[in-house]
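Asker: Starting off with a structure, shown below.
The values are calculated or read from the model by the stated rules, or taken from the named source; none is laboratory data. Bear in mind that the values here come from a model prediction, so they are computed numbers and not experimental data. FYI the Cβ positions are ideal-geometry reconstructions off the backbone, even for glycines, and counts take in every protein chain you see. Protein only, heavy atoms only, side chains kept; ligands, DNA and RNA dropped before computing areas. Shrake-Rupley method; radii C 1.70, N 1.55, O 1.52, S 1.80 Å.
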Amino acid sequence: MDHRAEAWYRERTSRWRDWPLGQLLENKQRDGILISVVIPARNEERTVAGVVGPLHQALVSEAPLVDELVVIDSDSTDATARVAAEAGAVVHRARDIAPELGAYRGKGEALWKSLLVTRGDVLVFVDADLTQWGPHFVTGLLGPMLGQLDVQLVKGFYARVRTEADGSVSTEGGRVTELVARPVLNLWWPHLAGVVQPLAGEWAARRSLMESLSIPVGYGVELATLLDTAARHGLNALAQVDLGSRAHKHQANHDLAVMAAELLAVAARRRSGPYRLIPNFALEQFDREDGQVLRRSRPVPTEERPPASGVRAGGRVELICAAE
């Protein structure tokens with residue numbers, strides 16, 4: 001391992017148990033910090049309440065650690081918004097946040113739009129499809145942020161539990177991480193080779209950082225944030241926390257391939273300076289059916305939102321659901 005990555009790994013890696021709730025509450029009160037938890041969601045009615053509910057109970061009702069618990073609904077066609085609100089979240093429809101700025105479909109878009117409707121000094125991002133997890137994900141991610149003022153970005157990592165078709169359980173998730181993100185980092189940014197899960201959907205960042213960055217609208221948001229934070233603020237601005245294990249749904253290989261293409265576009269843009277893709281960039285994919293080879297083109301989102309610090313939401317921001 002690169003000597004810089006090895007030193008960083010030793011100094012900036014902790015476990016969630018290293019950050020007890022009582023100490024976090026003391027640090028939060030001492031520094032006067034507001035904390036927002038943001039959950040991007042699209043068609044997650046089966047799991048979103050299981051994420052929102054425990055967080056609201058443990059970190060809003062029982063302990064005043066989280067000031068805002070917000071779900072950004074990305075054009076769900078199911079009952080995600082209603083279920084999330086009933087579980088205790090304030091829910092915004094991404095498309096209705098600053099509509100004059102337009103709308104894209106994607107996770108990064110939801111996170112960028114969340115900056116316009118939240119007020120926390122620190123933001124914690126948590127995926128909506130989690131199972132086999134706990135509120136310690138949030139407390140663990142907040143630990144380095146509240147305990148070390150030079151830390152700007154905290155990445156979570158965990159064992160990824162997945163259930164195979166035969167009912168057996170394995171930890172062989174994270175295919176895009178292993179096949180794309182980790183090779184790219186080791187090849188072009190070896191000082192970041194110590195980041196265990198660069199694409200983890202559970203992470204925390206300071207608002208001042210997030211509002212200064214260009215945000216890819218799709219799945220490239222985690223890689224872009226990691227690369228840009230390290231480039232601007234150095235390795236000491238990063239930390240990571242072992243959160244134990246988690247389970248979530250897994251995607252088909254063809255869908256993962258589009259995600260991989262997004263990551264490569266993010267990496268290429270940051271590797272070579274100003275970078276433009278061919279307009280309407282698409283990934284050509286092939287299937288075999290009844291002896292015939294079928295081709296289809298899948299659009300690859302490559303747009304990036306500008307730093308939110310330069311954007312002022314105009315007009316009325318619609319709040320579609322709010323918990324009592």
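Asker: Exactly one condition in (1) closer than 24 Å to L146 by Cβ; (2) open to solvent by less than 50 Å² (accessible area, probe 1.4 Å) is false for E62; which is it?
Answerer: (2)
Asker: Would a scan of the range 114-128 turn up a residue that is under 19 Å from V66 (Cβ atoms), open to solvent by less than 40 Å² (accessible area, probe 1.4 Å) and charged (D, E, K, R)?
Answerer: yes
Asker: Sticking with this one: Could you name every one of the strands (runs of 3 or more DSSP E) located completely within the range 1-75 that has at least 3 residues being touching a helix residue (DSSP H, G or I) at 6+ places or on another chain (Cβ under 8 Å)?
Answerer: Counting at least 3 such residues, we get 35-41, 68-73.
Asker: Turning to a different aspect of this structure: For A41, which of the numbered conditions (1) open to solvent by 10 Å² or more (accessible area, probe 1.4 Å); (2) under 18 Å from the mean Cα position of the chain (by Cα); (3) among the hydrophobic types (A, V, I, L, M, F, W, C) fails to hold?
Answerer: In the conditions (1) open to solvent by 10 Å² or more (accessible area, probe 1.4 Å); (2) under 18 Å from the mean Cα position of the chain (by Cα); (3) among the hydrophobic types (A, V, I, L, M, F, W, C), A41 misses (1) alone.
Asker: Right, here's the next one. May I ask you to list the residues in the range 76-100 that are among the β-branched types (V, I, T) and outside any helix (DSSP H, G or I)?
Answerer: Matches in the range 76-100: T77, V90, V91, I97.
Here is a yes/no grid of residues against (1) touching a Phe, Trp or Tyr at 6+ places or on another chain (Cβ under 8 Å); (2) farther than 17 Å from A268 by Cβ:
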| site | (1), (2) |
| --- | --- |
| R206 | no, yes |
| M210 | no, yes |
| S214 | no, no |
| G220 | no, no |
| L223 | no, no |
| L226 | no, no |
| T229 | no, yes |
| L235 | yes, yes |
| G244 | yes, yes |
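Asker: Then there is this: Quick one: in the range 279-320, of everything that is within 17 Å of V217 (Cβ to Cβ) and open to solvent by 90 Å² or more (accessible area, probe 1.4 Å), which residue is modelled with the lowest pLDDT?
Answerer: Filtering the range 279-320 for residues that are within 17 Å of V217 (Cβ to Cβ) and open to solvent by 90 Å² or more (accessible area, probe 1.4 Å), the one modelled with the lowest pLDDT comes out as P279.
Asker: Then there is this: Which of the numbered conditions does T139 fail, given that it passes all the others? Conditions: (1) assigned to a loop (DSSP other than H, G, I, E, B); (2) open to solvent by 10 Å² or more (accessible area, probe 1.4 Å); (3) at pLDDT 95 or above.
Answerer: All conditions are met except number (1).
Asker: Oh, and also: I'm checking my understanding of the structure. Among residues of the range 199-224 that are small (G, A, S) and open to solvent by 10 Å² or more (accessible area, probe 1.4 Å), which one is nearest to V37 (Cα to Cα)?
Answerer: It comes out as S208.
Asker: Next up: In the range 70-84, what residues are open to solvent by less than 30 Å² (accessible area, probe 1.4 Å) and more than 15 Å from A110 (Cβ to Cβ)?
Answerer: Hits for the range 70-84 are A79, V83.
Asker: Suppose the filter is open to solvent by less than 40 Å² (accessible area, probe 1.4 Å), at pLDDT 95 or above and either more than 15 Å from the chain's Cα centre (by Cα) or closer than 25 Å to R42 by Cβ (or both); does A181 pass it?
Answerer: no
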